[in-house]
Amino acid sequence: MKKLAFFGTSHTQGICNDFESGLVPVSYVTFVGHLLNRPVKNLGLSGINNETMLAAITKSFREGILDDCDTIIIEPRLDYDYTSLPFDNMQNPPDINPADKLSDELDFAREFNSVGSLATRPMLHTVESSMKKRLSFYNSPSLRSLQDNLYGTNKAGPKPSIDELNDIIEYLRLTSLYMNNTAFIRHRNLEFIQTVHEMCKLSGKKFYWMNYEVEHLDVRTIMKHITDEVVDVCLNPENSIRGELKKNKNYKDLLCGCKHLNGDAQIKIAELIVKGIKACENK
């Protein structure tokens with residue numbers, strides 16, 4: 001039986017700091033497989049953006065990782081809640097060894113091999129992580145926290161200037177002001193979805209996507225320049241996964257300490273996704 005392959009962010013990977021492993025014991029992806037009586041392949045990766053996800057999907061097609069899959073489901077980013085800080089023009093860029101990053105990801109891939117792929121996971125972030133740092137808009141950094149984030153706490157390593165740290169904080173403020181939650185960013189993200197949809201059509205695979213985070217977003221109202229066909233394969237066009245779960249009066253009990261959805265929420269997420277798959281199939 002052919003598998004369902006899932007690509008997505010930390011939500012798909014199953015990140016939850018309530019557990020020593022940093023992962024929920026059973027992710028929503030596994031539960032979807034149980035509910036549909038289908039084998040699954042979880043290729044989610046924490047911190048991934050749509051550009052890197054597209055590279056991962058392309059790599060997976062190219063290297064035959066999806067040969068045993070007939071359905072691709074993605075959990076894309078629909079908003080822009082962080083930016084990347086390239087190191088090229090910094091006065092004292094952080095000293096990041098790509099080999100260390102690769103080693104970490106290889107270890108993770110081996111641990112997570114039951115739902116993932118040794119061939120896909122290791123190289124997704126390695127090269128990029130040696131070139132830039134991912135910085136969130138939501139945590140307004142102090143000089144010290146930004147320095148620790150960029151350089152770690154190693155006192156023997158490179159040191160930034162105060163002026164440069166202030167410049168980076170201003171860069172974050174302006175990027176958030178002019179890029180976050182804009183029609184341009186949302187349209188670009190929807191173009192990514194359409195690109196993956198076309199890839200799946202050309203390869204003869206079914207394709208679905210979900211809105212995980214953006215609440216009260218009716219996909220149909222923002223898809224003016226995207227084909228109706230892409231709207232038809234959205235698993236939840238009227239509300240996000242998180243928005244649906246917030247209707248539960250015990251929603252707070254479904255959150256882990258890092259604000260991801262915890263182990264108890266995973267079956268509920270899977271039920272929403274399976275409901276969406278069946279609705280799409282009946283169109």
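Contact map, the stretch 174-192: first residue more than 19 Å from Leu135 (Cβ to Cβ) and modelled with pLDDT of 85 or more, second residue assigned to a helix (DSSP H, G or I) and basic (Lys, Arg), Cβ cut-off under 6 Å, separation 6 or more or different chains; the map is empty. Among the residues making up the stretch 1-48, those that are in contact with a strand residue (DSSP E or B) (Cβ under 8 Å, 6 or more places away or on another chain) and either without any contact (Cβ under 8 Å) to a residue 12 or more places away in the chain or of a type in the set (S, T, N, Q) (or both) are Thr12, Gln13, Gly22, Ser27, Thr30, Asn42, Ser46. Considered as a group, the residues in the stretch 69-83 that are at pLDDT below 95 and of a type in the set (D, E, K, R) include one that is nearest to Ala183 (Cα to Cα), and that residue is Asp79. Pairing each residue of the stretch 262-283 that is touching a residue at least 24 places away in the same chain (Cβ under 8 Å) and more than 18 Å from Glu229 (Cα to Cα) with any residue that is surrounded by 16 or more Cβ atoms within 10 Å (Cβ to Cβ) and of a type in the set (S, T, N, Q), provided the two are 6+ apart or on different chains, yields C-beta distances under 7 Å for Gln266/Ser27; Leu272/Asn236.
The values are calculated or read from the model by the stated rules, or taken from the named source; none is laboratory data. Note that the structure is a prediction, hence the values are computed from the model and not measured. A quick note on method: Cβ atoms are made from the backbone with ideal geometry, for glycine too, and the neighbour counts reach across all protein chains shown.
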